[in-house]
Amino acid sequence: MKRWLTAVLLTASLLGSAGVELLQAQNQIGIAVGSTPESVQIEDLEGNPVDLGDYFGGGKPVLLEFWATWCPVCEALEPTLQAAYAKYGEDVEFLVIAVAVNQSVRRVSRHAESHEMPGRILWDRDGRAVRAFMTPSTSYVVVLDAEGKVVYTGLGEDQDIEAALEKALQR
């Protein structure tokens, strides 16, 4: 399983922006817009179980970013997510899903201590969230509306996160 996940994430990162644009144009990035994601259990950074389903359909939109400490695209996307968190953090639940590819929970925790992250950081030790959301790469963002339906998926550093959140909030 870890080999498959590593291959998918690394292949997607090698596609570069041209490959990302092609996938986005074909609407083939991860979980389908309009679908309801599977409820999966992952962990917080202390190893406590967290059921992602507790966040879906709870009356508040949710933004999930699939992220890694080693991902330069995630780093480039961070200012956009920080700005969105500052603007929408009261109205939208922000979850940063740390993938378990080429990093450890300890490394993620150390990173979190020295970097302000836009939302709660969770650890996807076994790739359950990656599989449930059909995550093609790090820097993958999924936005769910208040009813728990996927309204946006995107990949890369040039995502229009604000437009996605406005759609989720129906403003």
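Of all residues in region 118-149, those satisfying the criterion of being touching a Leu at 6+ places or on another chain (Cβ under 6 Å) and under 15 Å from L165 (Cβ atoms) are P118, G119, V142, V143.
Per this entry, A84 is not counted among residues that are in contact with a helix residue (DSSP H, G or I) (Cβ under 6 Å, 6 or more places away or on another chain), in a strand (DSSP E or B), buried (at least 20 other Cβ atoms within 10 Å of the Cβ) and in contact (Cβ under 8 Å) with a residue 24 or more places away in the chain.
Pairing each residue of region 100-111 that is within 13 Å of G127 (Cα to Cα) with any residue that is among the basic types (K, R) and open to solvent by 40 Å² or more (accessible area, probe 1.4 Å), provided the two are 6+ apart or on different chains, yields C-beta distances under 7 Å for A100/R125. Hey, could you check region 92-110 for residues that are within 14 Å of W67 (Cα to Cα), touching a Phe, Trp or Tyr at 6+ places or on another chain (Cβ under 7 Å) and not aliphatic (A, V, I, L, M) and say which is modelled with the highest pLDDT? Checking each candidate, the answer is F94. Comparison of E157, E166, E113 shows that the only residue that is open to solvent by 20 Å² or more (accessible area, probe 1.4 Å), within 13 Å of the chain's Cα centre (by Cα) and either of a type in the set (D, E, K, R) or at pLDDT 95 or above (or both) is E157. Among the residues making up region 28-57, those that are farther than 28 Å from S104 by Cβ and either at pLDDT below 50 or open to solvent by less than 50 Å² (accessible area, probe 1.4 Å) (or both) are G34, S35, G57. Remark: V130 matches the filter, which requires a residue to be among the aliphatic types (A, V, I, L, M), within 11 Å of the chain's Cα centre (by Cα), buried (at least 16 other Cβ atoms within 10 Å of the Cβ) and assigned to a helix (DSSP H, G or I).
The values are calculated or read from the model by the stated rules, or taken from the named source; none is laboratory data. Just so you know, these numbers come straight off a predicted model, no measurement behind them. We place every Cβ from the backbone using ideal geometry, glycine too, and count neighbours over all the protein chains shown. Side chains are part of the model used for accessible areas, which takes the heavy atoms of the whole protein and leaves out ligands, DNA and RNA. Shrake-Rupley method; radii C 1.70, N 1.55, O 1.52, S 1.80 Å.
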